[in-house]
Amino acid sequence: MPYFIYFVTTNPATNTKSLEFIDSKDNYREARALARDTRAGMEKGNPNRECRMTFAKNDVEAEKLLSAPREERVIGED
């Protein structure tokens, strides 16, 4: 299964995500290097845009995984 690299832009008003395909790689090291290089070249002024990498069977599954809402992290116990 390949690794897919996308730009993920979140609209803070509606909390919807738009995805922009960058590339896919079969090798983890190549995918990681591409994602790191892409992140290094990104503008620092837009906190709603990030470069994400996911491992999936195909591009449809990758987009589904990246579009799914993420649960808030729980730090410590109440």
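The values are calculated or read from the model by the stated rules, or taken from the named source; none is laboratory data. Source: prediction; values computed, not measured. Every residue, glycine among them, receives a Cβ derived from its backbone with ideal geometry; neighbour counts consider all protein chains shown.
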task: Kindly indicate whether any position in the stretch 2-14 is among the polar types (S, T, N, Q), out of contact with any strand residue (DSSP E or B) (no Cβ under 7 Å at 6 or more places or on another chain) and modelled with pLDDT under 95.
output: yes
- line: Checked the stretch 44-78 for anything closer than 19 Å to residue 11 by Cα and either assigned to a loop (DSSP other than H, G, I, E, B) or over 16 Å from the mean Cα position of the chain (by Cα) (or both); matches are 44, 45, 46, 47, 48, 68, 69, 70, 71, 72
- line: Within the stretch 47-66, residues being more than 18 Å from residue 2 (Cα to Cα) and either in contact with a strand residue (DSSP E or B) (Cβ under 8 Å, 6 or more places away or on another chain) or surrounded by 10 or more Cβ atoms within 10 Å (Cβ to Cβ) (or both) number 3
field: Any chance residue 69 is touching a residue at least 40 places away in the same chain (Cβ under 8 Å) and not basic (Lys, Arg)
entry: yes
Qualifying position, being loosely packed, with under 12 Cβ neighbours inside 10 Å and touching a Lys or Arg at 6+ places or on another chain (Cβ under 8 Å), among 11, 27: 11
query: Is one or more of the residues making up the stretch 9-29 part of a helix (DSSP H, G or I) and in contact (Cβ under 8 Å) with a residue 24 or more places away in the chain?
result: yes
